[in-house]
Amino acid sequence: MNTESIIQELGFPPIGLKEADRAKLMNRVDKKYLVNANLIPEILNQIKDHYYILTIKECTVLPYHTEYFDTENRDMYLAHHNKRPLRYKIRVRSYIASQQTFLEVKVKTPKGRTNKMRVEGGLDGANNSTITSFIHENTPYSAEGLKHTLTTDFSRISLIGRSYKERVTIDINLSVSTPIGYTQSLPSLCIIEVKQDKREEESPLVHHLRQNNFRPASFSKYAIGTALLVPSIKANSFKAIIRNVKRITHA
């Protein structure tokens, strides 16, 4: 399936990076849905009149490369696994099409909101005072105590609601790997995330998914990638999610 060609045929109105940033939604509520990637053309066709599509250099399916960092004991992974109400992720994400790299901190709050903070550049450790201060100010962790634990690569389609109050990301061609060489690809999995300032705002995409009996699902690329690739890691809480992923990708 050539997703880029399909999108071009559907005729989504394009939007550039600068204008799309009006809907950054760095503090938001979000919902995720897991579907088989073969359903993307039909889903996009049903919602094309309600969204702009992020377009960079005439491309709409954009590559992302992300390195996740955690403590030696994987405290951030375990906080997610143990369903702590306050959770952190620390990552370096490269937006390849726009040639930008950011150190990003994501915080899941007890009220169910997601806050994202970022600073330009990579994780250079204790020798970079800007990075060290950023991590200290936004997390309970220190730069010196972090190590690279997982890498993800995927392609993303980004949709912006016509009112700029909604941002949708559709991630495909996901692969995960560890620094010691374990890898796994999930080419049939599509991860749809709907990001809004307020959950009650109507979303054409959520309406379409609900009408077709798709329900929100819990999924973290970092957590599930770690559970899949680290044999000794505690992963009981993620068994149902992994079974769901296998069911969807083999549909």
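Values quoted throughout were computed directly from the atomic coordinates according to the rules given, and no laboratory measurement underlies them. Remember, it's a predicted structure, so these values are computed and weren't measured experimentally. When we count neighbours, we look across all protein chains shown, and the Cβ atoms used for this are built from the backbone with ideal geometry, even at glycine.
Here are a few things to note about the model shown:
- The relative contact order of the chain, computed from alpha carbon pairs under 8 Å that lie at least 6 residues apart in sequence, is 25 percent.
- Mean projected area of the convex hull spanned by the Cα atoms of the chain, taken over all viewing directions: 13.3 nm².
- Placing +1 on the Cβ of every Lys and Arg and -1 on the Cβ of every Asp and Glu, with nothing else charged, gives the chain a dipole about its Cα centre of roughly 1000 debye.
- Footprinting exposure proxy for M76, M117 (fewest neighbouring C-beta atoms within 10 Å first): M117, M76
- Structure-based [θ]222 nm, the chain - -39500 (n - 2.57) summed over DSSP H runs of at least 4, per residue, nearest 500: -7000 deg cm²/dmol
- For the range 33-95, the relative contact order is 32 percent, taking Cα pairs closer than 8 Å that sit 6 or more residues apart in sequence and dividing their mean separation by the residue count.
- In this entry, the range 100-152 is assigned a mean projected area of 4.4 nm², taken as a quarter of its C-alpha convex hull surface.
- Going from the fewest other Cβ atoms within 10 Å to the most, the residues D21, D171, D30 appear in the order D21, D30, D171.
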